[in-house]
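To keep things clear, I will list the structure first and then write my remarks on it.
The values are calculated or read from the model by the stated rules, or taken from the named source; none is laboratory data. Predicted model only: the values in this text are computed from it and were never measured. Here the Cβ is made from the backbone with ideal geometry for all residues, glycine too, and neighbour counts use every protein chain on show.
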Amino acid sequence: MKQPYTIILTIILMLLMTGISMAAKVPAPTDPPEGVKIISINEANEILNQKNVYIFDLRKEFSYGKGHIPGAVSFPYKWARKDADFKPDGDIDLSKLPVDKNTAIIFHCDGPEEWKSYYTSKAAKKAGYTNVMWLREGYSAWANKGYAVEH
């Protein structure tokens, strides 16, 4: 008699967990942070062919290792949480960015449901970088478009 209850409880728990993870995926704003330029996949592809352009991949190192935009620097974003206080700006070490604050910089994550590149581009602009771009569509759209990927 115990087995049917266990199966039902397992199904209920799985449904609840799925709902929680789906609720966590809230699209990032469609407008970039103030002073940051939002760019499309096609624009990023053109810009990356220029000199002195840096692209930073804010996904986890594991995801970066499975494939990334050519030339992208792994720059994993870590959410900073302390007890109940949530800091959306995370733990961003801007010392890894170019010294010249006029350098063209592109930030991206996996896609429009990821806030990491939004917050990092905002932090870079706030730190005085003047040519900050946000690739809101992210890596998944880049790969789906058929552009080159490095492993």
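Within the stretch 91-131, restricting attention to residues that are closer than 25 Å to G67 by Cβ and among the small types (G, A, S), the residue that is farthest from the chain's Cα centre (by Cα) is A104. Among the residues of the stretch 1-55, the one identified as at pLDDT below 80, within 15 Å of the chain's Cα centre (by Cα) and part of a helix (DSSP H, G or I) is A24. Scanning the stretch 30-66 for residues being exposed (fewer than 13 other Cβ atoms within 10 Å of the Cβ) and either of a type outside the set (A, V, I, L, M, F, W, C) or in contact with a Phe, Trp or Tyr (Cβ under 9 Å, 6 or more places away or on another chain) (or both) gives a total of 12.
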